[in-house]
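Please read the structure below before turning to the comments.
The values are calculated or read from the model by the stated rules, or taken from the named source; none is laboratory data. Since this is a predicted model, take the numbers as computed values, not measurements. Quick reminder, even Gly has a Cβ in these numbers, built from the backbone with ideal geometry, and neighbours come from all protein chains shown.
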Amino acid sequence: MGNSKYLDALSPAQRLELNKKLWSIQNHTCFICGEAIDLDIQKTNVDHIKPLTNGGKDDPVNFAITHELCNKSKQDSDLEIAKRLHRLQKIIEDASHRRETPSLKHVLLAHDGSQFDFSYKIEGDTLVYSFDELGSPAIKRTEIFTDPLSKERTAFLTVPLAYLFHDEIINPRGINGTISLLIKEFYKPNPQLHLSLARIDHSGGGGKIRIFDGQHKAVAQIMLGVKEILVRLFIDPDLDRLIETNTIAGSKLKQIAFDKAIVRQLHDTLYAERLRKYQKDHLLAEDDFSFSEQALVEHFKGERGNVKLYIINSQKNAVTHAPENRLQSYINFDGRGTTWPLSYSTFEKTFLSTFINPKTILATPINYKADEGLNPRILERDQAVRLCNILAEELLIGRYDEQTGTRRLENTIAAGNGDNIPDSHLTAYRLFKEEIMYNWVKYLRRVIVNYFANTGVLNDEDNLLQQKLPDQVWENLRNFTVNLRDLPVWRDRSMSATIFGGKNNSNFWDVIFRTAAAPDGTPVLAAPLNLMEMIKKP
Ligand SMILES: [Zn+2]
């Protein structure tokens, strides 16, 4: 910990005494992680709970004992906040290990939430309800308001966690890094300005109160010990319209800080719903996919553009979130993080836009050749994932160090303090910068196109991954990736202040790849990139 005049004044014996006293006050557990501390065999820290810089006292009442490990990795200097962030981190990790997107759902389950159906009735403009499962016989009443335009009816009420559920249909996104900021805000305590929105969901038989908007606010409150959440509750809403409104709020109105990957997932749901609607309208069974994407687009005449978008986004989503896609754990989905090298936005603008053609709407049945493993969408997805895995295996796994992350790497090196940044890490970081990746992904594409040009076989250049690629192409792609990685420029530290210093655009790197020099003539590569050389076995 920082400077404590109180601790500095203690003799070693007094210091030991204080350790033991705190340890016994805390029931022999660590203040941050809550796990046992063994004073004989574990290193510990004594730290201020509220930092001195925030007005905490330099006094034993403001001291806590922690594992040294926990103290080193704490996520906030205020230990009360660090403790809660640690708990949340656990919940997030548990969900991730089960390959689920961590969300309000997991936070509720970890806090005895999501147990009971909501029992209520409507008397005129009054909502009558009770939370009797929790042992309170009180009958509660609250006013129902009707929106003059949409006619949607809502009421405002505080709902105990045991009666709250996460809405995975309207809001499939998980929680992201902004949550720690919210926890700090509410801890201060600054008030929350917008309420969480919820609806009553009857799809499972009973009525469940599901939060579909404001899950971060709900999570932050729960992590701070709140046992019931004030919500605006939509009573029997038009679900389609809510989904639509929430999508538009994200992609067009920007009311909610939706990231692009989430809009994809949301579109995925919308695609699934259109498929089902088409089947119903044509009296087809739920597993009947004998119609084409084009037929689907035609069927929903009024929203042709949207349905096309749903189809393409659903495919992008399937590639990004395929469980076997090893690249996805290196993607930073919230846009601002500095742990992972590849932002989703970069991945989308480079890789996905290159290999999933946004203009392609297939005329073949959706289940075309699915039995033979030659379905174009399935091939496209599987081969895109296979290509992602080559990138992950050759550029990232065992090479990129998440502890080092991406923060101020070039500055650190330029200042002469980058000696402990490994070459492999620096290489990975540089290759996944958007302006650089944009260019080498174009070369990856050309590796495939050239193979077919040289063998004289015709290939659909607009949809390269919809046909099965021969083993030789995969070898070429891997060789290219390795040769690209091994170019000296990616580990050249003398270029931190210059070539890698400012933000350069993709054209800058296009010139370098084609001419070996920057637009101002500064030599960067030994020679222009030569595709034939780059696909040779290294
Ligand atoms: Zn601990």
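Values as computed for the structure displayed
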read-out	value
Residue 93 vs. criteria away from the ligand (no atom under 11 Å from the Cβ), without any contact (Cβ under 8 Å) to a residue 12 or more places away in the chain and outside the structural domain of residue 215 (by TED's automatic domain parsing)	yes
Qualifying residue in the stretch 126-140 (condition: within 16 Å of the ligand (Cβ to nearest atom) and either in contact (Cβ under 8 Å) with a residue 60 or more places away in the chain or in contact with a Lys or Arg (Cβ under 8 Å, 6 or more places away or on another chain) (or both))	no
Number of positions in the stretch 464-501 that are farther than 17 Å from residue 393 by Cβ, polar (S, T, N, Q) and crowded, with 20+ Cβ neighbours inside 10 Å	2
Residue within the stretch 121-131 that is under 26 Å from residue 219 (Cβ atoms) and in contact with a helix residue (DSSP H, G or I) (Cβ under 9 Å, 6 or more places away or on another chain) present	yes
Output for the stretch 24-38, where each listed residue is more than 12 Å from the ligand (Cβ to nearest atom) and within 10 Å of residue 64 (Cα to Cα)	25
Matching residues in the stretch 503-538 - criterion: being of a type in the set (Val, Ile, Thr) and part of a helix (DSSP H, G or I)	511, 512, 515
Candidate set: the stretch 21-38, residues that are of a type outside the set (S, T, N, Q) and assigned to a helix (DSSP H, G or I); chosen: the one farthest from residue 83 (Cα to Cα)	21
Qualifying positions in the stretch 181-202 - under 23 Å from the mean Cα position of the chain (by Cα) and crowded, with 19+ Cβ neighbours inside 10 Å	182, 183, 196, 197, 198
Any hit, the stretch 111-132, residues being in a helix (DSSP H, G or I) and under 30 Å from residue 175 (Cα atoms)	no
Test: residue in the stretch 203-211 that is touching a residue at least 40 places away in the same chain (Cβ under 8 Å), assigned by TED's automatic domain parsing to the domain that holds residue 113, within 23 Å of the chain's Cα centre (by Cα) and closer than 18 Å to residue 83 by Cα	no
Test result for residue 117, surrounded by 12 or more Cβ atoms within 10 Å (Cβ to Cβ) and closer than 26 Å to residue 183 by Cβ	no
Residues located in the stretch 6-20, provided they are farther than 15 Å from residue 48 by Cα and part of a helix (DSSP H, G or I)	12, 13, 14, 16, 17, 20
Hits in the stretch 386-405 (condition: aliphatic (A, V, I, L, M) and either surrounded by fewer than 18 Cβ atoms within 10 Å (Cβ to Cβ) or over 20 Å from residue 459 (Cα atoms) (or both))	390, 391, 392, 395, 396, 397
The lone exception for residue 41 - which of (1) within 16 Å of the ligand (Cβ to nearest atom); (2) part of a helix (DSSP H, G or I); (3) surrounded by fewer than 13 Cβ atoms within 10 Å (Cβ to Cβ) it fails	(2)
Any chance residue 532 is aliphatic (A, V, I, L, M) and buried (at least 19 other Cβ atoms within 10 Å of the Cβ)	no
Where residue 76 falls short, out of the listed (1) within 11 Å of the ligand (Cβ to nearest atom); (2) in a loop (DSSP other than H, G, I, E, B)	(1)
Near pairs, Cβ below 7 angstrom, 6+ apart or cross-chain, from the stretch 381-410 (aromatic (Phe, Trp, Tyr)) to any residue that is assigned to a loop (DSSP other than H, G, I, E, B)	400/341
Any hit, the stretch 159-167, residues being closer than 30 Å to residue 343 by Cβ and surrounded by 13 or more Cβ atoms within 10 Å (Cβ to Cβ)	yes
Selected residue (only one of 83, 105 is more than 16 Å from the ligand (Cβ to nearest atom) and either modelled with pLDDT of 90 or more or not in a loop (DSSP other than H, G, I, E, B) (or both))	105
Residue among 69, 88 that is surrounded by 14 or more Cβ atoms within 10 Å (Cβ to Cβ), in contact (Cβ under 8 Å) with a residue 40 or more places away in the chain and either within 16 Å of the ligand (Cβ to nearest atom) or in the same structural domain as residue 41 (by TED's automatic domain parsing) (or both)	88
Tally of residues being assigned to a loop (DSSP other than H, G, I, E, B), at pLDDT below 90 and out of contact with any helix residue (DSSP H, G or I) (no Cβ under 7 Å at 6 or more places or on another chain) across the stretch 369-398	6
Residues located in the stretch 308-320, provided they are under 19 Å from residue 350 (Cβ atoms) and without any contact (Cβ under 8 Å) to a residue 60 or more places away in the chain	312, 313, 316, 317, 320
Contacts under 8 angstrom Cβ, first residue in the stretch 263-286 being under 21 Å from residue 242 (Cα atoms), partner charged (D, E, K, R) and at pLDDT below 85, 6 or more apart	265/173; 266/173; 273/240; 276/286
Check on residue 122, more than 15 Å from the ligand (Cβ to nearest atom), within 23 Å of residue 403 (Cα to Cα) and modelled with pLDDT of 90 or more	no
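Here's the yes/no breakdown for (1) closer than 30 Å to residue 186 by Cβ; (2) at pLDDT 80 or above; (3) of a type outside the set (Val, Ile, Thr); (4) crowded, with 18+ Cβ neighbours inside 10 Å:
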position: 250; (1), (2), (3), (4): yes, no, yes, yes
position: 280; (1), (2), (3), (4): no, yes, yes, no
position: 286; (1), (2), (3), (4): no, no, yes, no
position: 331; (1), (2), (3), (4): yes, yes, no, yes
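Here is a yes/no grid of residues against (1) in contact with a helix residue (DSSP H, G or I) (Cβ under 6 Å, 6 or more places away or on another chain); (2) touching a residue at least 40 places away in the same chain (Cβ under 8 Å):
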site	(1), (2)
8	no, no
16	no, no
35	no, no
51	no, yes
62	no, no
65	yes, yes
79	no, yes
83	no, yes
